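Everything on this sheet refers to the single structure shown next.
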Amino acid sequence: MLRQAFNDDALGKSQVYEWFSRFKSGSMSTEDMPRPGRPSTGRNDENIAKIKRAIDEDRRKTIDQLSEETNISWSMVQRILTEESPYSPDLPPSDSFLFPRMKRSLKGKRFRDVDEIKENTLKALNSIQPQEFQHCFEQWQKRWDKCINAHGQYFEGD
């Protein structure tokens, strides 16, 4: 039933059983316990931070370069870079409507430096009418009301 409602975002059956056992025994942590053997080299906070630092240094680095520099596998670097957005498609934050507008306004333009990017971004933001923001918040409230009224049950559409 969880898989039907949440697709691949749902916990697996074995993970649910493991957490249930932990909670029943008094451990309230959902973090993995240390285990013997080779440490995990997968997607963890340390690796995500390494990738973020490397990208902050130079945003034009390729996955190959990031992988070599951080000593993280190519596939894991790709996974970290392409993880699903933290924004839920079911209940987007109030400002997610800005992204397409910003893209439309800035698309195809080249900027000399960060200050020019900031200046053009500010112009694009200022060109959005207050009524558009108001409408966005009203739609967002309708969606969260619908989520609350569904009492956590799955539903589709508006």
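What FRET efficiency comes out for the pair GLU132/ILE55, r = Cβ-Cβ distance, R0 = 22 Å, nearest 0.05?
The pair GLU132/ILE55 has a calculated efficiency of 0.10.
Would you please put 71-79, 141-149, 42-50 in order of how densely packed they are, using the mean number of other Cβ atoms within 10 angstrom per residue and starting with the highest?
With the highest mean Cβ count within 10 Å placed first, the list reads 71-79, 42-50, 141-149.
If only Cα atoms are counted, what is the Rg of the range 42-83, and what is its Dmax, in Å?
Expressed in Å, the Cα Rg and Dmax of the range 42-83 come to 8.8, 23.
Do the alpha carbons of any pairs in LYS13/LYS52; LYS61/LYS107; LYS24/LYS52; LYS52/LYS109 sit beyond 27 Å of each other, and which pairs?
From the list (LYS13/LYS52; LYS61/LYS107; LYS24/LYS52; LYS52/LYS109), the Cα-Cα distance tops 27 Å for LYS13/LYS52; LYS24/LYS52.
Points 7 angstrom from Cα along the Cβ direction at THR121 and ALA10: gap in nanometres?
It is 3.9 nm.
Order these peptides, 120-130, 104-114, by their mean beta-carbon neighbour count within 10 angstrom, highest first.
Averaged packing, sorted descending, gives the order 120-130, 104-114.
Only the coordinates and a few stated rules stand behind these numbers; no lab work does. None of these values were measured; they are calculated from a predicted model. Every residue, glycine as well, gets a Cβ built from its backbone with ideal geometry; the counts of neighbours run over all protein chains shown.
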